[in-house]
1. Would you mind stating whether residue 79 is at pLDDT 95 or above and closer than 22 Å to residue 211 by Cα?
2. Could you please find all residues in the stretch 208-217 being in contact (Cβ under 8 Å) with a residue 24 or more places away in the chain and open to solvent by 20 Å² or more (accessible area, probe 1.4 Å)?
3. Listed residues 119, 102, 129; which is aliphatic (A, V, I, L, M), assigned to a helix (DSSP H, G or I) and open to solvent by 40 Å² or more (accessible area, probe 1.4 Å)?
4. Identify, please: which residue in the stretch 60-99 is among the β-branched types (Val, Ile, Thr) and in a helix (DSSP H, G or I) and is, among those, farthest from residue 154 (Cα to Cα)?
5. Consider the stretch 88-98. How many of its residues are open to solvent by less than 10 Å² (accessible area, probe 1.4 Å) and either among the hydrophobic types (A, V, I, L, M, F, W, C) or closer than 13 Å to residue 162 by Cβ (or both)?
6. Tell me yes or no: at least one residue of the stretch 159-166 is part of a loop (DSSP other than H, G, I, E, B), open to solvent by less than 40 Å² (accessible area, probe 1.4 Å) and at pLDDT 95 or above.
Amino acid sequence: MGKGTTRRNILITGASSGLGRGMAREFASRGRNLALAARRTERLEELRDELLAAHPQITVAIRSLDVDVHDDVFRVFREFDDELGGLDRVVVNAGLGKGQPLGTGYFHANVATARTNFLGALAQSEAALELFRPRNAGHLVLISSVSAMRGMPRNLTTYAASKAAVGALGEGMRADLAQTGIDVSTIFPGFIRSEINEKVKKVPFIVDTETGCRALAAAIEKEPNKAYVPAWPWTPVAYAMKVLPLSVVAKMA
């Protein structure tokens, strides 16, 4: 298996809302079997029922999972793998968007974001690769953010740093697995409306959840090393963020 192979059995974490829920709908419409994990099982049950009603030919497995409980990550991934007869793709999507400027008394919020977004992603990556390495096959997808391009101010400081760490993690795994049958993609979404940002009103270039998730699924299917989604305008914007003065980039937050 490798690029160009249809990944039939797909695990998505953080699937109860936002981008995870939207990607589940997109992959279900493509006839893929799904393993959906999140903390809120009642929302997973609703999503499972919706997907099976619309696409009765697919299998949808669900599990409660808090990615901060690392032993549970390994257990749930193995259970999904057994239930679906082998996972072909794992989408590391679960994350937090809360945070406050450093030094303002909200360390608890910042450390929660750092723990979930990076250590949770690390645990999920380890658990996925423990399944993929013996088979020399699989597609690991990490959902980062365009905010990872540079350090960001105010409430985004810790979030952007955690997503930059996810980007570096993905690149390291690509280097390590370059001569294997395992592919690693890092996806950098731009501003896509979801529950994580629903209270933010003025956001440049934002697209609705359905449009954004359709673009995410299409990008993931191509199995790139990296992708900025939606490609327009985020591919040129991401490049600009890397080279513009920090004072200019900070105004984008």
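The values are calculated or read from the model by the stated rules, or taken from the named source; none is laboratory data. As the structure is a computational prediction, the values presented were derived from the model and not from experiment. Here the Cβ positions follow ideal geometry from the backbone for every residue, glycine too, while neighbour counts run over all protein chains shown. Note: accessible area is taken over every heavy atom of the protein model, side chains too, but ligands, DNA and RNA are not part of it. Shrake-Rupley method; radii C 1.70, N 1.55, O 1.52, S 1.80 Å.
1. Working: at pLDDT 95 or above: yes; closer than 22 Å to residue 211 by Cα: no.
When the stated conditions are applied, residue 79 does not pass them.
2. Of all residues in the stretch 208-217, those in contact (Cβ under 8 Å) with a residue 24 or more places away in the chain come to 209-210, 212-214, 216-217.
If the condition is that a residue be in contact (Cβ under 8 Å) with a residue 24 or more places away in the chain and open to solvent by 20 Å² or more (accessible area, probe 1.4 Å), then 209, 210, 214 are the ones that fit.
3. Values: 102 fails: assigned to a helix (DSSP H, G or I); 129 fails: open to solvent by 40 Å² or more (accessible area, probe 1.4 Å).
Among 119, 102, 129, only 119 is aliphatic (A, V, I, L, M), assigned to a helix (DSSP H, G or I) and open to solvent by 40 Å² or more (accessible area, probe 1.4 Å).
4. From the stretch 60-99, those among the β-branched types (Val, Ile, Thr) are 60, 62, 67, 69, 73, 76, 90-92; that's our starting set.
Restricting the remaining residues to those that are in a helix (DSSP H, G or I) gives 73, 76.
Values: 73: 31, 76: 35 Å.
Once the filter is applied, the top-ranked residue is 76.
5. Summing the residues that are open to solvent by less than 10 Å² (accessible area, probe 1.4 Å) and either among the hydrophobic types (A, V, I, L, M, F, W, C) or closer than 13 Å to residue 162 by Cβ (or both) in the stretch 88-98 gives 3.
6. From the stretch 159-166, those part of a loop (DSSP other than H, G, I, E, B) are none; that's our starting set.
Looking through the stretch 159-166, none of the residues is part of a loop (DSSP other than H, G, I, E, B), open to solvent by less than 40 Å² (accessible area, probe 1.4 Å) and at pLDDT 95 or above.
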